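*Asks:* Quick one: structure below, then a few questions.
The numbers here are math on the coordinates, done by the rules we state, and not lab data. Please read these numbers as outputs of a predicted model, since none were measured by experiment. Positions of Cβ are backbone-derived with ideal geometry, glycine not excepted, and every protein chain shown enters the neighbour counts.
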Amino acid sequence: MDSTSSSFEHRLKDHAGKTEALLKQLLADANLDDEIVRPNRLLSAMRHGVLNGGKRLRPFLVTESAALLGGKADAALRIGAALECVHCYSLVHDDLPAMDDDDLRRGQPTVHIAFDYATAILAGDSLLTYAFDIIAAPETELPADRKMALVLALSRAAGIGGMAGGQALDLAAEKETPDETGITTLQAMKTGALIRFACEAGAIIAGATTDDRKRLRIFGEKIGLAFQLADDLLDLTADAATLGKATGKDAARGKATLVGLHGQEWAETTLAKLVSDAGDLLSGYGNKADVLIETARFVANRKN
């Protein structure tokens, strides 16, 4: 590992620690104003689904995109925590038997295995709702119009035309194999939409120009596709111990992927092109964009 990669991974790990600490604080026992009680078992299930390690890539992208454009670090950390709640809710629900039916997540039993199906559903529901609470709360020190823009952008990224819709398309793909355009659309929604939001959110937090916001959004789309391609490669080539979850499930279920259609060599070439394109998008920011460009490389080359 060269010094640049080492420095980047240290920065990512340090930020993950800050995100984890904030999430622990947000999921504490004490009620917030207007909450009646926080049921212990529900809260424990939410913690199990959220406080289980992970790289916290999406919150990192929020913070670094905001930093690029001069946004407030404290606000970015809270928006990143809100985004992580949405991401973790999706994992809790996706792992259920009615969805992807997984028993293992990040090397631990999934929430419905550690608790039960109903509690897992409620934990996911609560995490999704809490995300918008975190954005709207007075502790997130942003002007009201930026909070409104963040709520709208996250709703669109997470909902029917974004992540949830992508999961619906993914389930449908088990019965009728989509063509290449269908696969690309599915992945842009299920995986890419939250990564796109993570990058665009930094521009919203900073109150950046429309051009800056569009550039960060496209950057997010590029690395969202790279993330999914890398994920599909790992599903093909990694072992479960390294990945922290079951591998080879897409092939076993007959799910089509771009890697399955075009092969490993094509995927690796495409990943390199996506990283190059992502770097070109941010070239006008000079060395201020170095961390985000290194993030694109990390996404493409990760091993788990």
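*Asks:* What is the fewest-to-most order of Phe60, Phe227, Phe8 by other Cβ atoms lying within 10 Å of their Cβ?
*Replies:* Phe8, Phe227, Phe60
*Asks:* Here is a further query. Evaluate the charge dipole of region 3-301 about its Cα centre and quote only its size in Debye, nearest 20, assuming +1 on the Cβ of each Lys and Arg and -1 on the Cβ of each Asp and Glu.
*Replies:* Here region 3-301 has a charge dipole of around 560 debye.
*Asks:* Counting residues in region 16-175 as N, plug N into 2.2 N^0.38 Å and put the Cα Rg over that result.
*Replies:* 1.04
*Asks:* To continue, here is another question. Using only alpha carbon pairs under 8 Å that are at least six residues apart, calculate the relative contact order of the chain and give it in whole percent.
*Replies:* Averaging sequence separation for qualifying contacts and normalising by length gives 18 percent for the chain.
*Asks:* Towards the positive end of the charge dipole of the chain, with charges on Cβ (+1 Lys, Arg; -1 Asp, Glu), say which of Gly80, Leu186, Ala300 has the farthest Cα.
*Replies:* Looking along the dipole axis, the top candidate is Gly80.
*Asks:* List the lysines whose alpha-carbon lies under 20 Å from that of Lys303, not counting same-chain residues fewer than 8 positions away?
*Replies:* In chain and number order, the partners are Lys13, Lys55, Lys222, Lys245, Lys249, Lys273.
*Asks:* Quick one: net charge of Leu68's neighbours, Cβ under 9 Å, K/R +1, D/E -1?
*Replies:* -1
*Asks:* Something else now. Rounded to the nearest 0.05, what FRET efficiency do Asn301 and Leu51 give with R0 = 30 Å and r taken as the Cβ-Cβ distance? Could you check?
*Replies:* Here the calculated transfer efficiency is 0.65.
*Asks:* A follow-up question, please. Can you compute the charge dipole magnitude of region 1-118 about its Cα centre, using +1 on each Lys and Arg Cβ and -1 on each Asp and Glu Cβ, nothing else charged? Give it in debye, rounded to the nearest 20.
*Replies:* With only Lys, Arg, Asp and Glu charged at Cβ, the dipole is about 400 debye.
*Asks:* What distance in nm lies between label points placed 7 Å from Cα along the C-beta direction at Ile218 and Ser276?
*Replies:* Each label point lies 7 Å from its Cα, and together they span 1.7 nm.
*Asks:* Scan the chain and note any complete DSSP helix (H) whose C-alpha atoms cover at least 27 Å along its axis and whose Kyte-Doolittle average is 0.0 or more.
*Replies:* In the chain, the long hydrophobic H runs are 73-94, 117-136.
*Asks:* Then there's this: Out of every Cα-Cα pair in region 3-301, what percent are more than 24 Å apart?
*Replies:* 51 percent
*Asks:* Test of understanding: extend the Cα→C-beta vector of Arg106 to 7 Å, then name every residue of region 11-32 with backbone N under 17 Å from that spot.
*Replies:* 12-28
*Asks:* Once you put a point 7 Å from the Cα of Glu176 and another 7 Å from the Cα of Glu268, both along the Cβ direction, what distance in nm separates them?
*Replies:* According to this spin-label approximation, the distance is 3.7 nm.
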